[in-house]
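Enquirer: Provided herewith is a single structure, encoded as structure tokens, for subsequent inquiry.
Values quoted throughout were computed directly from the atomic coordinates according to the rules given, and no laboratory measurement underlies them. What you see is a predicted model; the values in this text were computed from it and never measured. Cβ: placed from backbone, ideal geometry, glycine included. Neighbour counts: every protein chain shown.
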4 protein chains.
Amino acid sequence: MSDRTTAPVPPRLQAWEQRTEVPLFVAGMVFLTGYAVRVLAPADIGPVRDLALALVYATWLLFAVDYAVRFRLSGLRAWSFVRTHWLDAVVLLLPLLRPLRLVQVYTAVQKRREQPRLSLYARVMAYASLTAVLLGVSAALAVYHQEHDAPGASIRTFGDSVWWACATLTTVGYGDAVPVTFGGRFVAVGLMACGLALLGAVTGSFSSWLVQVFRREDEKGPPGDA
Amino acid sequence: MSDRTTAPVPPRLQAWEQRTEVPLFVAGMVFLTGYAVRVLAPADIGPVRDLALALVYATWLLFAVDYAVRFRLSGLRAWSFVRTHWLDAVVLLLPLLRPLRLVQVYTAVQKRREQPRLSLYARVMAYASLTAVLLGVSAALAVYHQEHDAPGASIRTFGDSVWWACATLTTVGYGDAVPVTFGGRFVAVGLMACGLALLGAVTGSFSSWLVQVFRREDEKGPPGDA
Amino acid sequence: MSDRTTAPVPPRLQAWEQRTEVPLFVAGMVFLTGYAVRVLAPADIGPVRDLALALVYATWLLFAVDYAVRFRLSGLRAWSFVRTHWLDAVVLLLPLLRPLRLVQVYTAVQKRREQPRLSLYARVMAYASLTAVLLGVSAALAVYHQEHDAPGASIRTFGDSVWWACATLTTVGYGDAVPVTFGGRFVAVGLMACGLALLGAVTGSFSSWLVQVFRREDEKGPPGDA
Amino acid sequence: MSDRTTAPVPPRLQAWEQRTEVPLFVAGMVFLTGYAVRVLAPADIGPVRDLALALVYATWLLFAVDYAVRFRLSGLRAWSFVRTHWLDAVVLLLPLLRPLRLVQVYTAVQKRREQPRLSLYARVMAYASLTAVLLGVSAALAVYHQEHDAPGASIRTFGDSVWWACATLTTVGYGDAVPVTFGGRFVAVGLMACGLALLGAVTGSFSSWLVQVFRREDEKGPPGDA
């Protein structure tokens, strides 16, 4: 998703990226699951929470190794690599943003299966809504983590947090459940920014798709043809 | 509205779909009316409420029969049919989503009447806003059903529920009337998701239509022509 | 704004419409001013309020006469006329919606002045935002009229009402000032519906215009050219 | 950003504008910083606040001088100049709106560096989100200035004000932090109006960019090619 179209990508880096895309996505899901267990499990099940924490750290290490390998294979200087791969750097620091890399995984999987593809707009919608859902779940977890024991919080259960995430992603914003801590609001601003763009893409593609459906129907001509 | 454009549809299935579209839409309206009476009628008018419930079940049975017939006529395996007709399966389980199939009915009716058609954007707007209104009414009924006797609810009358549905569909989200139960919030999330896409289609088409109107006016040339 | 493009308009009707557009727009503004004075003037200035009411009724009569004349000149049957001019019928019943006819006035004025025109997107933006502002003012007046002495109202001054209208038109919807009466909510729903579409048109055109500006700059070529 | 494309710009004015764009942008940033220090610094650090105020007035004077010079060089009559440069006049009176002129600075800087450019949509997104962020910061400062000691205010710290600005720009509008004074609401309405259009541009460009990415991937052809 970074703008690498301008400079040619070394073939070894390209091969590495193609081979690691799916494993990294799986690692991202493991990270998310581990984080969810860590945040949601009751405090008295110590072992489960410790295992979850271990998973979180292990996958994080994997991401760091991948970033280092890609830096090596790219043949770029450190600063130049960070500048052209800034989204990857952000994703490394905030692994809950992993879903943003989903588009590459999706492409890779599609290529291997060679199945009949969805139409252009359907794919954009599928990608954008999937990313939005994953980001929403990540944000709901993180906000619940920050807020559930803050004084004066209105987000007390994970259900409240999911409800808040839905109302925020769709920009409805009822205001019955709102983050009050700095951490919670920081996550919220991130969700608003990403969510707006992704939801805009869903809406825009749906609109284009609907116009296309109605147009195609016109071209079929008079009733006799159908 | 499912992506059936890729595989050819057997002629008998096509004939069945064309013949049943309007009756099924009428059945959908009967279902909605029955549900509305069931939810809104005061508890002391027993017979009316029983009749309404009977209507709801009868129409639901109709939908199930139609789904079974279409599965048979499609000649597909069970899993394959469910996968390519997933929207129909969802609509079967949640008949309040029936309005989403409206686009097919609309097309069928248009074809029979052979009347001068509206412009492309006007049709998209008409379809999207009609669907949005029907979904809004369904959601208002369902939320009222869930919320009106919940403790601490802010949606107490059907009027509140309609007001809430309007504020949600347009993403204004004042927050003066908000669902508090799990059921109510579940319906709300569905309304937000569908509503956003539909309203985006209305907005986008209106915008394209307005640009078209102003452009056409340009092409008419200097004042002398008009 | 009704879809009269399909059927030919009789020349006498066309002449009438061209001649009355600007006077009717002025009458609409007089109506709005009269209504504003009636609603906002303190109760103890009897004569001013009576004059305002007289203006409101007089302009309303004008609109009715215009509708009748246009019906006559159209040569259509009553039902057919109402069906093809439904927007005009709505505007006749709810004269606060008059701004929606603004596009025709705007066109008529532009044609007479023969001045260098704005670009396509600039005109759409100008039209949509002007209409949105006028509808917002009308809605603020009507809501203030309904709400200012309702029990438990949060809209108590005209300032509150304008603030509410801005938050509603932009779909921000804070919820600190919200209509609570049936009348107020009815107006609010109308404002949301119209506002969404109009604001969507402003946003969409602005976006297209910005893309156009950046594209034109590309075509200017390398720095040496500028 | 004003519509100067219709009339030819005198070469001396053009030269002046090219030479002053970057310095004026820097002056705008100095103005914003000075205003921020003035508003946020505790009342007991007198000298710092006085220096900040001096900076604010000095940069304001610079803007006025620039406007006067440009008026002179344009060779237009006063009224005609104000009419065609109305955005510049607004920006002169409300220097917190300076970021709106950012597009010209951005273009000027791009031209000098001759670096490989971003794609069209990426540039629109970059410009619109940068402008939105700067306007958001300006609005947060101005609202904090108006609200922090108002009776009954819900915006009490600068953090609250930034949180409010984010929720407003994205049209989420929770309503937990809302301006209550006339000044604060005035700023808020301005932010809503500008923010809506800018965010719409970000969303629209992102959507177009995503469709482009998916389309390009189609054109690459079957897996063997990649």
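Enquirer: For the pair A:R19 and C:T157, how long in nm is the line joining their label points, each one 7 Å along Cα→Cβ?
Expert: Modelled inter-label distance: 7.1 nm.
Enquirer: At B:D44 and A:Q212, where each label point lies 7 Å from the Cα along Cα→Cβ, what is the point-to-point distance in nanometres?
Expert: Roughly 5.8 nm, to one decimal.
Enquirer: For the stretch B:10-23, take each phi angle, set θ = phi - 60°, evaluate the Karplus expression 6.51 cos²θ - 1.76 cosθ + 1.60, and give the result in whole Hz per residue in order, putting x for glycine and proline.
Expert: My calculation for the stretch B:10-23 gives x, x, 5, 4, 4, 4, 4, 5, 5, 6, 8, 4, 5, x Hz in order.
Enquirer: Send over the per residue convex hull volume for the stretch A:1-100, Cα only, as a whole number of Å³.
Expert: 90 Å³
Enquirer: Where the label is 7 Å out from Cα toward Cβ, how close does C:R83 come to the same position in every other copy, in nm, shortest first?
Expert: C:R83 label point versus its equivalents elsewhere: 4.7, 4.8, 6.7 nm.
Enquirer: Here is a further query. What do the square roots of 5 times the Cα gyration tensor eigenvalues come to for the stretch D:118-226, in whole Å, largest first, as semi-axes of the equivalent ellipsoid?
Expert: Computed over the stretch D:118-226, the values are 40, 12, 10 Å.
Enquirer: How far is C:V30 from itself in the other copies, in nm, if each label sits 7 Å out from Cα along the Cα-Cβ line, shortest first?
Expert: Nearest first, the other copies' label points are 5.6, 5.6, 7.9 nm away.
Enquirer: Could you tell me the center-to-center distance, by alpha carbons, between the stretch D:28-72 and the stretch A:77-99 in angstrom?
Expert: 37 Å
Enquirer: Sorting check: for A:67-73, A:148-154, which peptide has the highest mean count of neighbouring beta carbons within 10 Å, and how do the rest follow?
Expert: With the highest mean Cβ count within 10 Å placed first, the list reads A:67-73, A:148-154.
Enquirer: How far is C:P47 from the same spot in each other copy, in nm, shortest first, if each label point sits 7 Å from Cα toward Cβ?
Expert: 6.6, 6.6, 9.3
Enquirer: Could you state the orientation-averaged shadow area of the convex hull built on the Cα atoms of the stretch A:167-220, in nm² to one decimal?
Expert: With every direction weighted equally, the projected area is 4.2 nm².
Enquirer: I'd like to know which of A:F214, A:V180, A:S119 lies farthest towards the positive end of the charge dipole of the stretch A:118-226, counting +1 on Cβ of Lys and Arg and -1 on Cβ of Asp and Glu.
Expert: Highest projection toward the positive end goes to A:S119.
Enquirer: Among chain B residues, which Cβ is nearest the axis of the B-onto-C rotation, and at how many Å?
Expert: B:G175, 3
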